[in-house]
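The values are calculated or read from the model by the stated rules, or taken from the named source; none is laboratory data. If you're wondering where the values come from, they're calculated on a predicted model, not measured in any experiment. Glycine also receives a Cβ, built like all others from the backbone with ideal geometry; neighbour counts cover every protein chain displayed. Accessible surface is based on the protein model in full, side chains and every heavy atom, while ligands, DNA and RNA are left aside. Shrake-Rupley method; radii C 1.70, N 1.55, O 1.52, S 1.80 Å.
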Amino acid sequence: MIPALGLIAGVVLGLVLQPSVPIWAQPYLPIAVVAALDAVFGGLRALLDGIFDDKVFVVSFLSNVIIAALIVYLGDQLGVGSQLSTGVVVVLGIRIFSNVAAIRRHLFHA
Amino acid sequence: MSDTPALEPGPGAWRRLAAGIRPGVTRAQILGALLVAALGFALVTQLRQNNEEGLSSLRQSDLVRILDDVGERRDRLASEQSDLQSQLRELTTGANGSQAAIAAARDRLGVLGVLAGTMAAQGPGIEVYIADPATAVRAPALLDLVQELRDAGAEAIQLGQVRVVASTAFTDVAGGVEVDGTRLTPPYTVLAIGDSQTMATALEIPGGVIASLPQTARATVAARATLTVSALHAVKAPQYARPASPASPSG
């Protein structure tokens, strides 16, 4: 319940404050968001699997975000930033789909 | 996060979900809430950013590529523009120039044609009718008449059916006068385009051309608002003379 409230609070905070993304963070924020979504769905799935661990969730969340941003940064330095961004998004998207599929199976047996 | 393929029965899963979201201040709940709040915040920020900004969110290489594309496109359009402009200039000056030249040439042709007698002329003027039952009017009298008309400003003169030009010759023949090889017999009709009042005055002045005509001849001068000098003079191309300077604007 509290995480759901946290999500709502974050959304409201973003809507109210209307922050602008710093320029240095602009290439990385979208990737970080996708990575965080992956971590959240992974955590949800772990919860339903009965193996949820808060430490694992925090570490996976942060490492997901950091590694995704790092990959994109490295790609930018190598000159293949946009391609690597696409690759990261594809991989994370596949993971999100598989996690959601597992959650669906847990909840609906379908 | 582990890939546990084991599928638990539904009620267990729902129970675990309920336990997970049950309000209870545990460390896991707080941490999860914080992270998810950060996610929501970032998500909304990014969505807003993405909506309101086009180019500013692109990375440097993309911007350089777009700039290159725009520059190339601008160059192409600039060269196309200059091509079209030069074409337009060519066409307008060409059209204007040739039209003006044609118009000028037409005007010149008209003026020269009237002067040379190769074109019919129309305008105000006088008609002189000379009745000469005794055939007493000879070539010198007609020549005097023509000269008087020229002096009075006649621009086109027709004598009988002969156009009077600079080279027109008057010769006495039996029963009449030969003008430029055409034999004319009385009565004579002279058409002259010009200021009719000036010409009529010049002809009828006491001691003038009409007064000097033989006694048996009788001349009448009638002013006409519009008369047509339709007789044409056949111009022979000069055999020896050539224009000294084709471009000299005389006329």
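Listed values, structure above:
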| quantity | calculated |
| --- | --- |
| Given (1) more than 14 Å from every other protein chain (Cβ to nearest Cβ); (2) at pLDDT below 85; (3) open to solvent by 40 Å² or more (accessible area, probe 1.4 Å), number of the condition B:Asn51 does not satisfy | (1) |
| Out of A:Val56, A:Val90, A:Val16, sole residue that is open to solvent by 60 Å² or more (accessible area, probe 1.4 Å), more than 8 Å from every other protein chain (Cβ to nearest Cβ) and within 25 Å of B:Ile30 (Cα to Cα) | A:Val16 |
| Any hit, the stretch A:67-75, residues being within 9 Å of chain B (Cβ to nearest Cβ) and either surrounded by fewer than 22 Cβ atoms within 10 Å (Cβ to Cβ) or farther than 21 Å from A:Ala102 by Cα (or both) | no |
| Breaking point among (1) at negative phi; (2) open to solvent by less than 60 Å² (accessible area, probe 1.4 Å), for B:Gly123 | (1) |
| Filter result (under 15 Å from the mean Cα position of the chain (by Cα), more than 18 Å from A:Leu70 (Cα to Cα) and touching a residue at least 12 places away in the same chain (Cβ under 8 Å)) within the stretch A:85-110 | A:Arg95, A:Ile96, A:Asn99, A:Val100 |
| Matching residues in the stretch A:33-53 - criterion: being hydrophobic (A, V, I, L, M, F, W, C) and either open to solvent by 30 Å² or more (accessible area, probe 1.4 Å) or touching a strand residue (DSSP E or B) at 6+ places or on another chain (Cβ under 7 Å) (or both) | A:Val34, A:Leu37, A:Val40, A:Phe41, A:Leu44, A:Leu47, A:Ile51, A:Phe52 |
| Test: residue in the stretch B:65-80 that is in a helix (DSSP H, G or I), among the polar types (S, T, N, Q) and more than 8 Å from chain A (Cβ to nearest Cβ) | yes |
| Residue satisfying condition, being open to solvent by 30 Å² or more (accessible area, probe 1.4 Å) and closer than 13 Å to B:Leu43 by Cα, within set A:Pro30, A:Pro22, A:Pro3 | A:Pro30 |
